[in-house]
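Engineer: A single structure is presented below for examination.
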Amino acid sequence: MTATHLGMPAFPAFPSAAREAVRDEVLRANLRHATHTIRDKRARAVAELADWDRLRDAGKAVKDHTLRHLDHYLLQLEEAVTAAGGTVRWAADADEANRIVTDLVLATGERELVKVKSMATQEIGLNEALEAAGIAAYETDLAELIVQLGHDRPSHILVPAIHRNRAEIRDVFRTEMGGWGRPAPEGLGDDPRELAEAARLHLREKFLRARVAVSGANFMVAETGTMVVLESEGNGRMCLTLPETLISVVGIEKVVPTFRDLEIFLQTLPRSSTAERMNPYTTMWTGTTEGDGPTAFHLVLLDNGRTDTLADEVGRQALRCIRCSACLNVCPVYERAGGHAYGSVYPGPIGAILSPQLRGTGSEIDASLPYASTLCGACYEVCPVAIDIPEVLVHLRERVAQGGPVTRDGIRVRLLPADGRTAERAAMRAARLLLDHPGALRAGERLLARSRRLRPRRLPGPGRAWTDTRELPELPAQSFRDWWTRERGTPQ
């Protein structure tokens with residue numbers, strides 16, 4: 001797998017990108033308003049369910065069981081899809097997936113298609129691959145349409161255009177819609193109803209003309225071969241039913257064993273993502289049915305680093321993710337830096353642990369993503385499948401700083417420590433040495449207490465970056481150990 005997929009090539013390290021984003025006051029205002037609104041609504045929706053914690057544990061258990069037996073359930077899924085009239089293709093990486101989809105579209109003789117919102121197709125850069133082959137791919141999700149018309153990149157999993165306000169969207173529609181199809185109405189304003197109507201009119205002609213559609217899937221049911229797409233606008237249903245050929249690109253981790261398992265996620269995903277009790281449009285299809293929907297269905301099962309991630313006992317929990325985006329909306333780092341700073345289609349806390357595992361930590365951006373967090377734990381608290389994101393972040397930080405064994409392309413290799421982490425490794429070794437010797441730790445605490453008046457306001461060398469934005473804490477007159485000894489006596 002190359003760096004040309006799953007984000008921007010040669011993207012700057014997270015601190016540099018975030019520094020630029022933080023200076024954008026309009027961006028910060030847009031993000032603050034949107035994330036606070038979404039997370040407050042979500043909290044109210046989740047509080048309505050007395051058994052939310054049990055649903056969360058059940059979702060985690062189903063995902064963990066499926067990942068342990070992923071080979072079995074994928075083969076069962078392939079058999080069921082094939083028996084229902086569909087065809088299944090396996091794609092080891094982004095290049096292979098793009099090649100499969102491009103060939104399938106070209107075989108139909110069509111040169112344009114409509115798309116349902118799909119993180120997997122963004123991950124592999126499918127739109128760009130299709131464009132290179134002379135095929136126009138039109139996004140039909142409203143937020144994805146805004147991003148595409150604006151020649152932009154998504155900045156949020158659920159709301160890709162969250163960084164845009166109404167006035168910016170109006171300007172994009174006015175200047176760009178005509179080049180992609182039906183132009184925006186004369187005198188288009190920034191009222192949400194006007195903007196939605198302009199998008200509806202623009203997209204309607206594409207729905208009625210398209211003979212090919214590309215989708216992802218939120219879930220795949222192994223026992224029946226059923227694909228499941230949840231969405232809020234109805235555009236997905238138009239794409240999934242009107243065209244003659246449907247191609248779905250889905251990550252292998254999206255499979256669940258049975259319809260009974262699916263019931264759990266149909267309760268947790270809407271509440272955790274859009275704060276709705278039930279999803280407005282839940283579309284399910286199983287293969288093909290004569291006289292109803294597409295006559296040809298192709299499922300492309302995408303690996304692209306997922307099997308390597310599965311081999312990591314700590315990091316594999318990232319594959320539980322159901323793409324609800326709740327972790328983004330509570331993350332103080334995402335709220336200030338925005339999604340583009342992550343250099344990936346997966347921004348926020350989940351992106352900080354997923355992208356470095358799918359792509360590896362060899363690039364500057366991927367080596368910096370595990371540090372794009374305060375480790376406050378808010379992401380873990382809201383995750384509907386209980387992914388311990390802080391645990392994985394610390395695990396990946398150790399990989400970046402210390403190197404160690406990882407799986408790449410199915411082969412066990414040993415990574416060297418990343419460049420520029422010498423000071424961090426030295427600090428960790430010194431801390432380990434100190435904590436392994438209680439006497440030295442006690443002496444160091446007393447020395448710091450007695451020299452507290454000499455405390456500098458800023459640290460020198462590598463520590464300067466830390467004290468650029470915060471002050472060193474005050475040092476107490478004595479350590480806790482000495483206080484305990486004075487107050488309670490030395491324990492035997």
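The values are calculated or read from the model by the stated rules, or taken from the named source; none is laboratory data. Remember, it's a predicted structure, so these values are computed and weren't measured experimentally. Glycine also receives a Cβ, built like all others from the backbone with ideal geometry; neighbour counts cover every protein chain displayed. Ligands, DNA and RNA are stripped out before the accessible areas are found, and what is left, the full protein with its side chains, is counted by its heavy atoms. Shrake-Rupley method; radii C 1.70, N 1.55, O 1.52, S 1.80 Å.
Engineer: Determine, at each q value in 0.16 (inverse angstroms), the log₁₀ of I(q)/I(0) that the Debye formula gives when each Cα of segment 138-265 is one equal point scatterer.
Structural biologist: -0.86
Engineer: Report the accessible area of D64, computed with a 1.4 Å probe over the heavy atoms of all protein chains in place, in Å² rounded to the nearest 10.
Structural biologist: 30 Å²
Engineer: With the cut-off at 23 Å, report for segment 379-492 the share of all Cα pairs above it, as a whole percent.
Structural biologist: On the way: 3639 of 6441 pairs.
Here the long-distance tail beyond 23 Å is 56 percent of all Cα pairs in segment 379-492.
Engineer: Kindly provide log₁₀ I(q)/I(0) values, in the same order as q = 0.10, 0.21 Å⁻¹, from the Debye equation applied to equal alpha-carbon scatterers of segment 304-429.
Structural biologist: With no solvent term, the Cα-only Debye profile gives -0.28, -1.24.
Engineer: Could you pull the Cα extents of segment 39-197 along its three principal axes, largest to smallest, in whole Å?
Structural biologist: Principal extents (largest minus smallest coordinate, Cα): 56, 50, 25 Å.
Engineer: Can you pull the semi-axes for segment 232-388, root of five times each eigenvalue of the Cα gyration tensor, sorted largest first, whole Å?
Structural biologist: Sorted largest first and rounded, they come to 31, 19, 15 Å.
Engineer: Provide Rg and Dmax in Å for segment 383-445, with only Cα atoms included in the calculation.
Structural biologist: 16.0, 49
Engineer: Moving on to the next point. Determine the percent antiparallel among the DSSP beta bridges restricted to the chain, to the nearest 5.
Structural biologist: Taking every DSSP beta bridge within the chain, about 40 percent pair in antiparallel fashion.
Engineer: Related question: Describe numerically, in nm with one decimal, the distance between label points set 7 Å from Cα along Cα→Cβ at Q478 and at L434.
Structural biologist: Modelled inter-label distance: 2.1 nm.
Engineer: Oh, and also: How far apart, in nm, are the 7 Å Cα→Cβ label points at I411 and S16?
Structural biologist: Inter-label distance under the simple model: 3.0 nm.
Engineer: While we're here: Extension gain E223-E244, at 0.36 nm per residue separation less the Cα-Cα distance, in nm?
Structural biologist: That works out to 5.0 nm of additional length.
Engineer: Taking square-rooted eigenvalues a ≥ b ≥ c of the alpha carbon gyration tensor, is segment 376-416 rounded, prolate or oblate, where a/c under 1.5 means rounded and, failing that, a/b exceeding b/c means prolate?
Structural biologist: Because a/c hits 1.5 or more and a/b fails to exceed b/c, segment 376-416 counts as oblate.
Engineer: M177 accessible area, nearest 10 Å², 1.4 Å probe?
Structural biologist: Its heavy atoms expose roughly 0 Å² to the probe.
Engineer: Per Stokes-Einstein, at 20 °C and 1.002 mPa s, what whole-number D in µm² s⁻¹ belongs to segment 1-122, with the Kirkwood radius over Cα pairs as the hydrodynamic radius?
Structural biologist: 108 µm²/s
Engineer: If you stretched the chain out fully between H72 and R457, how much longer would it get, using 0.36 nm times the residue separation minus the C-alpha to C-alpha distance?
Structural biologist: Contour length minus the Cα-Cα distance gives 132.7 nm.
Engineer: Could I ask something else about it? Which links in K63/K254; K41/K254; K117/K206; K60/K254; K41/K117 stretch past 18 Å when you go from one Cα to the other? Don't skip to the answer; put the middle values down first.
Structural biologist: Details: K63/K254 9 Å; K41/K254 26 Å; K117/K206 15 Å; K60/K254 13 Å; K41/K117 23 Å.
From the list (K63/K254; K41/K254; K117/K206; K60/K254; K41/K117), the Cα-Cα distance tops 18 Å for K41/K254; K41/K117.
Engineer: Cysteines of the chain lacking any other cysteine beta carbon under 4.7 Å?
Structural biologist: C239, C321, C324, C331, C376, C383 - these cysteines have no disulfide-compatible partner (Cβ-Cβ under 4.7 Å) in the chain.
Engineer: Tell me, what is the Rg over Rh of the chain, with Rh the Kirkwood radius over Cα pairs?
Structural biologist: My calculation of the ratio gives 1.02.
Engineer: 7 Å from Cα along Cα→Cβ at both T289 and R54: what's the point-to-point distance in nm?
Structural biologist: 3.4 nm
Engineer: Still on this structure, I have one more. Tell me, what are the semi-axes, in whole angstrom and largest first, of the equivalent ellipsoid of segment 247-316 as set by the roots of 5 times the Cα gyration tensor eigenvalues?
Structural biologist: Square roots of five times the eigenvalues give 25, 21, 11 Å.
Engineer: If you restrict to DSSP beta bridges whose two residues both lie in segment 168-316, what percentage is antiparallel, to the nearest 5?
Structural biologist: So the antiparallel bridges in segment 168-316 amount to around 45 percent.
Engineer: Given 0.36 nm per residue, what is the gain on full extension from R200 to T175 after removing their alpha carbon distance, in nm? Each step should come with its number before you reach the end.
Structural biologist: Working: separation 25, 0.36 × 25 = 9.00 nm, distance 1.68 nm.
In short, 7.3 nm is gained.
Engineer: How long, wide and thick is segment 65-114, going by the Cα atoms along their three principal axes, in whole angstroms, largest first?
Structural biologist: If we take the Cα atoms of segment 65-114, the spans are 41, 26, 16 Å.
Engineer: OK, next. Quick one: work out the % antiparallel among DSSP beta bridges in segment 203-255, nearest 5.
Structural biologist: 40 percent
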